[in-house]
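The values are calculated or read from the model by the stated rules, or taken from the named source; none is laboratory data. Note that the structure is a prediction, hence the values are computed from the model and not measured. Ideal geometry is used to build each Cβ from the backbone, glycine not excepted, and the neighbour counts take in all protein chains shown.
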Amino acid sequence: MQKLKKTYKFAVKTALLSTLLLTFFLSVFLYALQVWTWWLFPFVLFFGFLSFVIIQYRVERFIYRRVKKIYDDLTLLESASLTKQPITTDMATLTKEIDKYAKDKKLEIETLKVREEYRKEYLGNVSHELKTPLFTVQGYILTLLDGAIDDKRIRKRYLNRASKGVERLIYIVKDLDMITKLEVGDLSLNKEFFDIIELIENVFELLEMKAARKKITLTFDADYPDPIFVYADKERIEQVITNLVVNSLKYGREKGTTEIGIENLIKNKVLVRVTDNGEGIAAEHLSRIFERFYRVDKSGSRKEGGSGLGLSIVKHIIEAHDEGIYIESEAEVGSEFSFSMEKAK
């Protein structure tokens, strides 16, 4: 049997107390008059019932008005919900509801604050990334317009530098366009079967000169005499591996090593690991390393170039394949980025 509402208990007790007090005073009055009539007994019962109804109604209305005012004032519920559902008059239930909505609102506000901070940081990063090459190009062009264009040697050098600034702008815009398409699911994947070993060798050849400038060795972690076929978008996976290797070269130590390994996993999966013995990443940065424009070294990393979107693009491409990407790193020791892929059956 369900428990009575607290307002009912309050009304019953109040009505009973009122009835007992009425009976007591009536009895004293009649005793003093030495008169007693049995017809007064039903009247007392009727009075008790009527007291219960009036008290219950008044309490319900009293609480309802104040509860509704709380709902309206605190705006914890939408106005539509007040008409669809009856407002509780039970204080315990009301307390739970208010506590729940207050916690939800607090969480919502905290989430909005985090998003706002992320938005500000993102806009600041975009502004900085675009501003630097724009001002560089503008500076060279203005210098040429001020008269340096008449000097053939300076004109050619400045035009070449302005051209590099424009190329950097194009590079950033292309990466922004790609990551936007990846985030909204607008970039389709052309999956095919291909040899991941051959693809990695092509990436090594492409980045051989870049690695040579820092005397970093590009190598496999073991001999892979046989091809390993995977099923994915070959062009996108090549971009993933290229971005990860470029990142390892950017932060790698001179005369260091960047090696790639392929490990067989269960359920027709392989794990591609890109490991270096470079600067490494401190623990506090690991959770944000795949964010757009996030840089561990706010100053030094910019000298190495890049759009600041490489790792973010890597993450989105891998997730578009319904696969996972992972990172293990320790400052001054090195980093290992790894991602899973579907192996050809």
Matching option when the condition is modelled with pLDDT of 90 or more, crowded, with 19+ Cβ neighbours inside 10 Å, aliphatic (A, V, I, L, M) and in contact with a Gly (Cβ under 9 Å, 6 or more places away or on another chain), among V245, V272, V240: V272
State yes or no: is I327 among the hydrophobic types (A, V, I, L, M, F, W, C), surrounded by fewer than 20 Cβ atoms within 10 Å (Cβ to Cβ), assigned to a strand (DSSP E or B) and modelled with pLDDT of 85 or more? yes
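Taking the stated definitions as given, is I216 over 32 Å from the mean Cα position of the chain (by Cα) and surrounded by 20 or more Cβ atoms within 10 Å (Cβ to Cβ)?
Details: over 32 Å from the mean Cα position of the chain (by Cα): yes; surrounded by 20 or more Cβ atoms within 10 Å (Cβ to Cβ): yes.
Criteria met by I216.
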From the list D177, D226, exactly one residue is assigned by TED's automatic domain parsing to the domain that holds G139, exposed (fewer than 13 other Cβ atoms within 10 Å of the Cβ) and either under 28 Å from the mean Cα position of the chain (by Cα) or not in a helix (DSSP H, G or I) (or both). Which is it? D177
Within segment 181-197, take every residue that is surrounded by 12 or more Cβ atoms within 10 Å (Cβ to Cβ) and outside any strand (DSSP E or B) and give me the one that is nearest to the chain's Cα centre (by Cα). E183
